[in-house]
Amino acid sequence: RENKDLEGIKFLVTAGPTREIIDPVRFLSNHSTGKMGYEIAKAIIKRGGEVKLISGPSGLEAPEGADTVLVESAEEMFEAVQESYPWCDVLIKSAAVSDYRPKTREGQKVKKDSRKEEIQLTLVRNPDILFEMGKIKGPGKIHVGFAAETEKIKEHGEEKIQKKNLDFIVANDVTEEGAGFAHHTNIVHFIDKNGDHSKTEKVEKSAIAHEILDKVLLKKKSENS
Ligand code: C5P
């Protein structure tokens, strides 16, 4: 791909898991590697766009040319997104944000208590970043969400588009072979707020990244015409 068709477009992309601290040596997280979001950032740069990448802990190297901000928890990610949101034209939320966090962050390591067979960890809701940004969505901005589903992809996707005020959602069926977390490949459904629905073959995440950007570009062009 040679053409710089994203020149002048500013993208805010989130990637990776979040870590929710329990105590100085423990946290809650998930299997997200950040691969999808990093591939999107790389594809944007290749096509001449500008990108701010807000990433949770990921073993991946920061893409050359991206302004990369590393965060740990969902709350930190929310703050970083809020700070950069006014700058962007397009918000792409591929991060796997923890929905809950431990209510208290212990200052010292929680000790094993030989008298207790069971202990409790109380969790509280994290902000839904995409939902919150959807409430204050700026004019002309495009919001793209992700979803991992195990059933009723289209229905659940459409619900999320409404609830989070999205332009389209990239949904994957995590029960399918070669899809989702920690794979190079994925099979995704594109569900648009206008009702369009399409599904990819099993393809590399880099190819999915380019397809997402093609869709964003089409939307921007149709808005301007
Ligand atoms: O509702 P669900 O978690 O399936 O929605 C997934 C989408 O919402 C993803 O784009 C994810 O980045 C975003 N999300 C978020 N903040 C949360 C949970 C999910 O921005 N606390």
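Points to keep in mind about this one:
- Single unsatisfied condition, residue 83 versus (1) within 16 Å of the ligand (Cβ to nearest atom); (2) surrounded by 14 or more Cβ atoms within 10 Å (Cβ to Cβ); (3) of a type in the set (D, E, K, R); (4) closer than 30 Å to residue 217 by Cβ: (2)
- So residue 161, is it more than 13 Å from the ligand (Cβ to nearest atom) and crowded, with 18+ Cβ neighbours inside 10 Å: no
- Segments classed as helices (runs of 4 or more DSSP H), wholly inside the range 117-225, with at least 2 members that are among the hydroxyl-bearing types (Ser, Thr, Tyr): 205-224
- The one condition from (1) modelled with pLDDT of 95 or more; (2) on the phi < 0 side of the Ramachandran plot that residue 112 does not meet is (1).
- Selection status of residue 76, closer than 23 Å to residue 6 by Cα, at pLDDT 95 or above and either out of contact with any strand residue (DSSP E or B) (no Cβ under 9 Å at 6 or more places or on another chain) or outside any strand (DSSP E or B) (or both): no
- On inspection, residue 150 passes the criterion of being among the polar types (S, T, N, Q), at pLDDT below 95 and under 25 Å from residue 206 (Cα atoms).
- Residues of the range 108-134 classified as of a type outside the set (D, E, K, R), within 13 Å of the ligand (Cβ to nearest atom) and out of contact with any strand residue (DSSP E or B) (no Cβ under 9 Å at 6 or more places or on another chain), total: 2
- Among the residues listed as 174, 188, 170, 124, the single one being in contact (Cβ under 8 Å) with a residue 24 or more places away in the chain, surrounded by 17 or more Cβ atoms within 10 Å (Cβ to Cβ), under 25 Å from residue 56 (Cα atoms) and hydrophobic (A, V, I, L, M, F, W, C): 170
- Among residues of the range 146-158, those that are under 22 Å from residue 35 (Cα atoms) and either within 9 Å of the ligand (Cβ to nearest atom) or out of contact with any His (no Cβ under 9 Å at 6 or more places or on another chain) (or both), counted: 5
- Restricting the range 178-190 to residues that are away from the ligand (no atom under 16 Å from the Cβ) and more than 15 Å from the chain's Cα centre (by Cα), the residue that is modelled with the highest pLDDT: 187
- For residue 40: the one exception among (1) under 19 Å from residue 123 (Cβ atoms); (2) buried (at least 19 other Cβ atoms within 10 Å of the Cβ): (1)
Results for (1) over 26 Å from residue 46 (Cα atoms); (2) more than 12 Å from the ligand (Cβ to nearest atom), shown as yes or no for each residue.
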| site | (1), (2) |
| --- | --- |
| 66 | no, yes |
| 90 | no, yes |
| 106 | yes, yes |
| 136 | yes, yes |
| 144 | no, no |
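- Within the set 98, 114, the sole residue that is surrounded by fewer than 18 Cβ atoms within 10 Å (Cβ to Cβ) and among the hydroxyl-bearing types (Ser, Thr, Tyr) turns out to be 114.
- When we screen 160, 215, 193 for residues that are at pLDDT 95 or above and in contact with a helix residue (DSSP H, G or I) (Cβ under 6 Å, 6 or more places away or on another chain), the only hit is 193.
- The lone criterion from (1) more than 13 Å from the ligand (Cβ to nearest atom); (2) among the polar types (S, T, N, Q); (3) closer than 26 Å to residue 10 by Cα left unmet by residue 175 is number (3).
- Among the residues of the range 75-92, those identified as more than 29 Å from residue 104 (Cα to Cα) and among the β-branched types (Val, Ile, Thr) are 90, 92.
The values are calculated or read from the model by the stated rules, or taken from the named source; none is laboratory data. Small disclaimer: the values here were computed from a predicted structure and weren't measured. Using ideal geometry, Cβ is built from the backbone for each residue, glycine included, and neighbour counts are taken over all protein chains shown.
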